[in-house]
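Following: one structure in structure tokens, then a few remarks.
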Amino acid sequence: MVKRLKRIIAEYVDTSQFPINATVREDGVVILEGEAPDWKTADELAHRVAKSKKVRNVINHLSCDGKSLAYIPKKELIDQGRALGTLDEADVIIVGAGVIGSGIARELSKYNLDIVVLEKGDDISQGASKANNGMIHSGNAVVPGTLKAKLNVEGNAMYSDWAADLQFEFKRIGSFGLSYNKKDRHTLWLSWIAGRLNKVPGMRFISPDTFLEMEKDVEVRPRRVLYAPTTAYVDGFEVTIALAENAAMNGVRFHLSTEVVDVDVEDGVVRGVVTDRGLVKGRLVINAAGVFADEIAAMAGDQFYTLHPRKGVIAIFDKEKKGPDRSLNGRPYVHQKNTKGGGVQRTVSGNPLWGPNAVEILDKTDLSVQPEDLDYVMGSGSVVCPGTKRSEIIASFAGIRPADYKEDFIIERSRVVRGFIHVAGIQSPGLAAAPAIAKMVEELTADELGKLSRRGDWNPIREKPVVFSKLSPEEQERLISENPLYGHIVCRCETISEGEIVDAIRRPIPAVTFDAIKRRVRATAGRCQGGFCGPRILEIIMRETGLRPEEVRKQGKDSYIVAGTIRDRCDEADCCETRASAGVSEGIAQETGAHHESD
Amino acid sequence: MKVIETDIAVIGAGPAGLAAALEASRLGKQVTLIERSDDLGGILQQCIHDGFGLVRFKKQLSGPQYAERFIEKLKASDVSLLLDTTVLSIENKVIRAVSPREGVLEIRPGAIVLAMGCRERTRSQVEIYGTRPSGVMTAGTVQRYINLEGYLPGRRAVILGSGDIGMIMARRMHLEGIEVLGVYELMPEVGGLARNVYQCLIDYDIPLHLSTTVREVFGKERLEGVRVVKVDKNRRPIEGTEEDIACDLLVLSVGLIPENELSRKAGVLISPVTQGPVLDESMMTSVPGIFAAGNVSIVFDLVDYVSDSAEAAARGAVRYLDGQAPSAEPLDVIAGENVASLLPTQYRVDYVGDELSFYLRVRKMESNVRVTLRQGKRVIKSKKQLVVRPAEMVTLTLSREDLTLIEPDTPLEIHIET
Ligand SMILES: Cc1cc2nc3c(=O)[nH]c(=O)nc-3n(C[C@H](O)[C@H](O)[C@H](O)COP(=O)(O)OP(=O)(O)OC[C@H]3O[C@@H](n4cnc5c(N)ncnc54)[C@H](O)[C@@H]3O)c2cc1C
Ligand SMILES: Cc1cc2nc3c(=O)[nH]c(=O)nc-3n(C[C@H](O)[C@H](O)[C@H](O)COP(=O)(O)OP(=O)(O)OC[C@H]3O[C@@H](n4cnc5c(N)ncnc54)[C@H](O)[C@@H]3O)c2cc1C
């Protein structure tokens, strides 16, 4: 095998200039080391190696300009955590509160198990689960025979129950694949074949006329249309918060701002984890850390994959912009590998959404948006919505797909240590597959811990928070009489009342940052982007939590909203005086009002 | 649900709403003034600098002082006030509002004056790339944090856009001990009034960079810096001119736009010229009986004109209620040469007011020009003006006699002629 790998490498890279070393482990895992000419090459090479026969997976330690994806232990935090002593103890420790970790937590909360979820962000869902297309794919865009394909189709079917129990916004209205010419016809046939093999229900070709009838705002007439009626739409964050809240209601403990920095393993058995806030003891660690899952695996001494961050940028438009309601996969003008097309769709709240693109990057936390990203997104969207200007974009953001080099989900018990389950490489369609992934992990948990006993008092229902603007006047009247805060509108763009913001702060997973509130109730997400309601939200957070102004955050520990109070400075003797005299000098020159006019 | 019947409902109690309510009340109508916040005066309450009221009162007042002149009169009038009351919708001229004390209110007026003011353009309306950290905010938000709440929004600030609020806040921040590193303006000229360049920037050694913009922001949690770049005459970045500046606050002063949320819900047409409702000579929208005043109609430069426009709207509403509203088919008023924005955009020849003011903004600076209103080849009114600048509104006032020159059928045009 080593020879074959050498050939693959030599075919692609000039090894005289860039000596690249491939080691094959006993378990079939290949480790790549050395300096690569650039990250694109390094990434492509790892993919080629992963495709080679008998390779279980690839650990990519190739570096570019001194940077690589190799795991470096955070020594200081490990020492700090150990010194702090025990933070918590449980049967099951779930690392990461994305849609996957939260889904698993909720699934396992049915049983007599003590469960904690550890999340390094200051709110749940700090990774891919908050920055995606929200599409519950039908299953015709995944390679047949993969775990992804199986769990995608199963997960899609399970969403109706999730939506009913957890009361998140859910629209099952289908999606289209379109072709405009001979070249894309081929791609469309491939998705048809994939859909057939993956057993996607109800998928069929429909006439362009039927399509134009269903999507009245689409002007460009396609040649062929593949319709997948089971495709649905959600808000990934809302699904995740609903799962987490329901899990919390059923006794799961969430520790936010708690980063797992090491895994304690004794004699091949997991004993718990080390976090920056202390030790958490437990029998089973479920690794759902998104794009950092390879690092958690390394901490447990069982890394057999590298997760390479693949950035995707999405653009959002104003609700009033015309466009299709369902996802259209209008073949992008530049074909990019490894994205499900990047098309045009609408979010569940009604905003047109375009993108994403796909760019391999080296920094797992790089969420910046660059002009090239939007060039791509605008280009792919313009195939179906011609004439759209970049200035129409009201928000753009990036998400990071956690992909391994096999480009499939990795969901399995560790073969090396007892008490460790990998749930890694959950890239798209991870959101769609989430219910099926949770089920699968439930079975793996029973394999690890033995037969699980069900709780008698499990409550699957999570009540939807009040959305004041959607209520009838009678219901609004009743609510205000019970709690006058609902009569106080804080966010004018989205008509959000103070009552709803206070609710968000007081729910099972409290929202205490600007972004946490924005994601739950959409305050600051509207046209004014928080310019008007920001100061009021700051006051409300301070009142409800007792935080000082400079302690209130947007998202992340350094993201203060204001740096302090001016009154602090006012003790300085001459400060107020300066200000008063400035007020006088602010007088305007006589020229004003005169406006240089003469009739 | 409480139902209130009234002659005229005014939505918003900034300078526009206050003036409209007072004027309508003076003309004998029963007026209900609805305001979302719990005090009167609108945006003026946070504008503690002076420079308000020169035209109307021949005096330099601060924002709150200007407002106070109207508030005192209002308290003596019989206008009924609904404070802490937010209007949610207007349907068939029925207003639905909520307040913590009264619950849901239904207000059924004979006529409505919209006076909700304007809002600031945000990061999403300018092309800025990079991350989404905290520390990027509009000048109005900074103004509120500093002037009303007493908070320090940051320590090292860069300002994008040389609008008036941005320049005024540059000075305010400087005085509060915030290091103001510079004001960057995309256009080759200043966006705000010339006086503010002197009094807010030059006097405090705050550098102004024209034809330069902020292209990218850095920082994963809090803003850590910005990349500025010079632009060519087509406003495209010039490669090689990038410069990175470390700062923790980016203040956006990139323009104001009329608040249209409610206007749209009420079904009024929005003008691509003013970006506010299409209005006729008596400030009536495309929905009969709904009027607009102040910055909800067009973004004015001076608050004095805001008050004037509001009084005109109130008179229009009163005439409408009395059944004397002009009813001829409206003529269009067209924004001609070097006219970017214009009010009103429609005129009815059977209008019987005393005089009529046109308010306009130009696209580019020009000197020694004539502001001319024509109908076909005929000049209705023309005046000389030394300079016109985009930041300063130009007014053209027609007397009763001038108005008689206008004939039916042909659209009117306003040009800046060199
Ligand atoms: C642009 C884009 C578009 C997408 N579109 C779709 C789509 O339309 N449909 C679809 O099905 N899928 C889509 N996906 C994929 C989908 O978003 C992901 O598969 C899914 O969100 C993965 O969820 P997760 O919980 O595994 O990961 P994440 O949501 O990334 O959650 C992982 C969590 O772990 C935390 N964490 C990490 N390290 C640690 C640590 N050491 N200690 C504690 N906590 C830690 C992180 O802070 C994070 O909150 C898209 C992805 C992207 C990027
Ligand atoms: C942030 C900011 C700062 C400014 N600073 C200056 C300055 O320094 N100098 C200057 O000359 N001009 C300034 N302006 C321009 C200023 O808006 C005008 O000079 C003037 O205040 C406009 O008066 P107005 O009555 O039209 O609007 P506003 O003063 O904005 O008043 C509108 C009122 O309507 C209320 N309202 C809105 N929607 C509703 C609703 N749905 N229900 C109930 N009430 C509602 C608001 O609460 C507000 O009180 C500023 C504008 C802004 C946005």
**Asked** Does segment B:102-124 contain at least one residue that is in a loop (DSSP other than H, G, I, E, B) and more than 15 Å from ligand 2 (Cβ to nearest atom)?
**Response** no
**Prompt:** For residues in segment A:300-323 being away from ligand 1 (no atom under 14 Å from the Cβ) and within 14 Å of chain B (Cβ to nearest Cβ), which is surrounded by the fewest Cβ atoms within 10 Å (Cβ to Cβ)?
**Reply:** A:GLU320
**Asked** Could you count how many residues in segment B:8-47 are of a type in the set (Asp, Glu), assigned to a helix (DSSP H, G or I) and within 11 Å of ligand 2 (Cβ to nearest atom)?
**Response** 0
**Request:** For residues that are touching a strand residue (DSSP E or B) at 6+ places or on another chain (Cβ under 7 Å) and among the small types (Gly, Ala, Ser), scanning just segment A:51-80, find the one that is surrounded by the most Cβ atoms within 10 Å (Cβ to Cβ).
**Result:** A:SER68
**Request:** Would you check if there is a residue in segment A:18-30 being closer than 15 Å to A:LYS406 by Cα and surrounded by 15 or more Cβ atoms within 10 Å (Cβ to Cβ)?
**Result:** yes
**Prompt:** Identify, please: which residue in segment B:59-109 is polar (S, T, N, Q) and touching a Phe, Trp or Tyr at 6+ places or on another chain (Cβ under 9 Å) and is, among those, farthest from B:GLY17 (Cα to Cα)?
**Reply:** B:GLN60
**Request:** Kindly provide the set of residues from segment A:212-226 that are aliphatic (A, V, I, L, M) and either surrounded by 18 or more Cβ atoms within 10 Å (Cβ to Cβ) or assigned to a loop (DSSP other than H, G, I, E, B) (or both), ordered by number.
**Result:** A:VAL218, A:VAL220, A:VAL225, A:LEU226
**Prompt:** Does B:SER77 meet the test of being more than 14 Å from chain A (Cβ to nearest Cβ), more than 16 Å from ligand 1 (Cβ to nearest atom) and out of contact with any Asp or Glu (no Cβ under 6 Å at 6 or more places or on another chain)?
**Reply:** yes
**Message:** Please count how many residues of segment A:100-133 are over 16 Å from A:GLY155 (Cα atoms), β-branched (Val, Ile, Thr) and near ligand 1 (Cβ under 7 Å from one of its atoms).
**Reply:** 1
**Message:** Checking B:MET187 against (1) in contact (Cβ under 8 Å) with a residue 24 or more places away in the chain; (2) more than 10 Å from chain A (Cβ to nearest Cβ); (3) on the phi > 0 side of the Ramachandran plot: exactly one of these is not met. Which one?
**Reply:** (3)
**Request:** Could you tell me whether B:ILE202 is of a type in the set (Val, Ile, Thr) and either within 30 Å of B:GLU91 (Cα to Cα) or away from every other protein chain (no Cβ under 13 Å) (or both)?
**Result:** no
**Pick from segment A:258-293, criterion more than 10 Å from ligand 1 (Cβ to nearest atom), not in a loop (DSSP other than H, G, I, E, B) and not aliphatic (A, V, I, L, M), ranking: surrounded by the fewest Cβ atoms within 10 Å (Cβ to Cβ)** = A:GLU266
**Asked** Of these, B:LEU160, B:LEU175, which one is more than 30 Å from B:GLU5 (Cα to Cα) and at the interface with chain A (Cβ under 7 Å from one of its Cβ atoms)?
**Response** B:LEU175
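I'd like to check which strands (runs of 3 or more DSSP E) are fully inside segment A:364-425 and have at least 2 residues that are touching an Asp or Glu at 6+ places or on another chain (Cβ under 8 Å) and not assigned by TED's automatic domain parsing to the domain that holds A:ALA97.
It comes to A:393-403.
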**Message:** Residue pairs, Cβ under 6 Å, 6 or more apart or interchain, first in segment A:469-483 and facing chain B (nearest Cβ under 10 Å), second among the polar types (S, T, N, Q). List them.
**Reply:** A:SER469/A:THR495
**Message:** Condition first: buried (at least 23 other Cβ atoms within 10 Å of the Cβ), modelled with pLDDT of 95 or more and either more than 16 Å from ligand 1 (Cβ to nearest atom) or away from every other protein chain (no Cβ under 13 Å) (or both). Can you find one or more residues in segment B:234-247 that meet it?
**Reply:** yes
**Request:** Say whether the condition of being assigned to a loop (DSSP other than H, G, I, E, B) and either farther than 13 Å from B:GLU281 by Cα or within 14 Å of chain A (Cβ to nearest Cβ) (or both) is met by at least one residue in segment B:373-380.
**Result:** yes
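I need a count of the residues in segment B:337-371 that are of a type outside the set (Phe, Trp, Tyr) and under 27 Å from B:PRO408 (Cβ atoms).
Step one: filter segment B:337-371 for residues of a type outside the set (Phe, Trp, Tyr), giving B:337-346, B:348-350, B:352-357, B:360-371.
Those left that are additionally under 27 Å from B:PRO408 (Cβ atoms): B:337, B:339, B:341-346, B:348-350, B:352-357, B:360, B:370-371.
Final tally of qualifying residues: 20.
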**All positions within segment B:1-43 that are surrounded by 24 or more Cβ atoms within 10 Å (Cβ to Cβ) and either within 16 Å of ligand 1 (Cβ to nearest atom) or over 17 Å from B:ARG315 (Cα atoms) (or both)** = B:GLY12, B:ALA13, B:GLY14, B:ILE34, B:GLU35, B:GLY42
**Item:** segment A:342-359 residues that are part of a loop (DSSP other than H, G, I, E, B), paired with ones that are modelled with pLDDT of 95 or more and within 16 Å of ligand 2 (Cβ to nearest atom) (beta carbon under 9 Å, 6 or more apart)
**Value:** none
**Request:** Could you figure out which of (1) surrounded by fewer than 17 Cβ atoms within 10 Å (Cβ to Cβ); (2) away from chain B (no Cβ under 14 Å); (3) of a type in the set (Val, Ile, Thr) isn't true of A:ILE421?
**Result:** (1)
**Message:** Among the residues of segment A:484-491, are any surrounded by fewer than 21 Cβ atoms within 10 Å (Cβ to Cβ), more than 9 Å from chain B (Cβ to nearest Cβ) and farther than 23 Å from B:ARG119 by Cα?
**Reply:** no
**Prompt:** Any idea how many residues of segment A:484-541 are more than 21 Å from the chain's Cα centre (by Cα) and outside any loop (DSSP other than H, G, I, E, B)?
**Reply:** 25
**Asked** If you take the residues of segment B:138-157 that are closer than 16 Å to B:GLY225 by Cβ and surrounded by 24 or more Cβ atoms within 10 Å (Cβ to Cβ), which of them is farthest from the other protein chains (Cβ to nearest Cβ)?
**Response** B:ALA157
**Asked** Of all residues in segment A:353-393, how many are closer than 21 Å to A:THR231 by Cα, within 15 Å of ligand 1 (Cβ to nearest atom) and either at pLDDT 90 or above or not polar (S, T, N, Q) (or both)?
**Response** 6
**Asked** If you go through segment B:96-126 one residue at a time, how many are within 12 Å of chain A (Cβ to nearest Cβ) and touching a residue at least 60 places away in the same chain (Cβ under 8 Å)?
**Response** 16
**Asked** Just one of A:VAL153, A:VAL117, A:VAL142 is touching a residue at least 40 places away in the same chain (Cβ under 8 Å) and in a helix (DSSP H, G or I); which is it?
**Response** A:VAL153
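Across segment B:301-355, what is the total count of residues that are of a type in the set (D, E, K, R) and within 21 Å of the chain's Cα centre (by Cα)?
Total meeting the criteria: 5.
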**Message:** surrounded by fewer than 22 Cβ atoms within 10 Å (Cβ to Cβ), in contact with a Leu (Cβ under 8 Å, 6 or more places away or on another chain) and not β-branched (Val, Ile, Thr): is that true of B:ARG108 in this structure?
**Reply:** no
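The values are calculated or read from the model by the stated rules, or taken from the named source; none is laboratory data. What you see is a predicted model; the values in this text were computed from it and never measured. Cβ sites come from the backbone with ideal geometry, for glycine too, and all protein chains shown count toward neighbours.
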